[in-house]
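Data first, discussion second: the structure below is written as structure tokens.
Just so it is clear, none of the values below were taken in a lab; they were calculated from the coordinates. Bear in mind the structure is a predicted one, so any value in this text is a computation, not a measurement. Reconstructed Cβ throughout: ideal geometry from the backbone, glycine too, with neighbour counts over all protein chains shown.
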Amino acid sequence: PVLSIELVDSNLVITQTCVLGTNNLWPLPVHLTVNGEHKKFLLERKSKTVAVPENAVVNANFGGFSFTRVRYSDELLKRLVKELPNMSKYDQLQVQSDVFFECTKGYRLFKDYLELIFNHYSEINTHIVVSQVLDNFEKIMPILRANGNAETMNEKIEIFLLKIFAKIGWKETD
């Protein structure tokens, strides 16, 4: 299942859809945080509305308790990304993984994923997160090669990795 999360007035609208495009619905355990406060409930219908404070930061799959992908509205994703440094390793992994999923399904541009990674993930040096990001880079590279953009991407990846290496104290030797 895919959870789509958007703000309508001061309400969070949570809608489930099937990744395969069918009308299947599941009883879906939802664990989310709103401004750091953990809330959980069972989503047994297509959608649910939850009141949230103004400018709420929402993590819709806190701790990865639900086997689901999350599609955040642009505004909610922007707010969540600002909190990346304060998130658990698993939640950091989930956010980038959800955005990559959106790109593979055509909901977002790969440019959005690359901007997320290059602008916000070079400070994160958790092995599992970096490993997943590098796997995703490898999946993108054939597209970039076909469009003649592989060299530019390689340069950006090198800069990304050098920032991570500097953070963990690794230095290149001859």
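Miscellaneous remarks
- Taking the convex hull of the alpha carbon positions in region 24-174 and averaging its projected area over all directions gives 10.6 nm².
- Label point distance in nm, Lys46-Asn23, each placed 7 Å from Cα along Cα→Cβ: 0.8
- Applying 1/(1 + (r/R0)^6) with R0 = 35 Å to the Cβ-Cβ distance of Asp9 and Asn119 gives a FRET efficiency near 0.75.
- Contour excess over end-to-end distance, with Cα ends at Ala146 and Asn55 and 0.36 nm allotted per residue: 28.6 nm
- Among Val19, Val70, Val129: highest mean-square fluctuation, GNM of the chain, C-alpha pairs under 10 Å: Val19
- Computed on the Cα atoms alone, the convex hull of region 66-136 gives a volume of 90 cubic angstrom per residue.
- Qualifying trypsin sites (Lys or Arg not before Pro) in region 1-65, DSSP loop, other Cβ atoms within 10 Å at most 15: Arg45, Lys46
- Choice from Gly64, Gly36, Gly21 with maximal GNM fluctuation in the chain (Cα, 10 Å cutoff): Gly21
- Placing +1 on the Cβ of every Lys and Arg and -1 on the Cβ of every Asp and Glu, with no other charges, gives the chain a dipole of roughly 460 debye about its Cα centre.
- Calculated from backbone phi, Karplus (6.51, -1.76, 1.60) coupling profile of region 16-22 in Hz, x at Gly/Pro: 9, 9, 8, 4, 7, x, 8
- Applying both filters, DSSP loop and at most 12 other Cβ atoms within 10 Å, to the GluC sites (Glu not before Pro) of region 50-125 gives Glu54, Glu123.
- Leading residue at positive end of dipole, the chain (Cβ point charges), from Ser122, Val57, Leu84: Val57
- Within a Gaussian network of the chain (alpha carbon springs, distance under 10 Å), most fluctuating of Gln94, Gln16, Gln132: Gln132
- Of the chymotrypsin sites (Phe, Trp or Tyr not before Pro) found in region 97-174, those that fall in a DSSP loop while having at most 16 other beta-carbon atoms within 10 Å are Tyr107, Trp170.
- The value of relative contact order for the chain, using C-alpha pairs under 8 Å at least six residues apart, is 16 percent.
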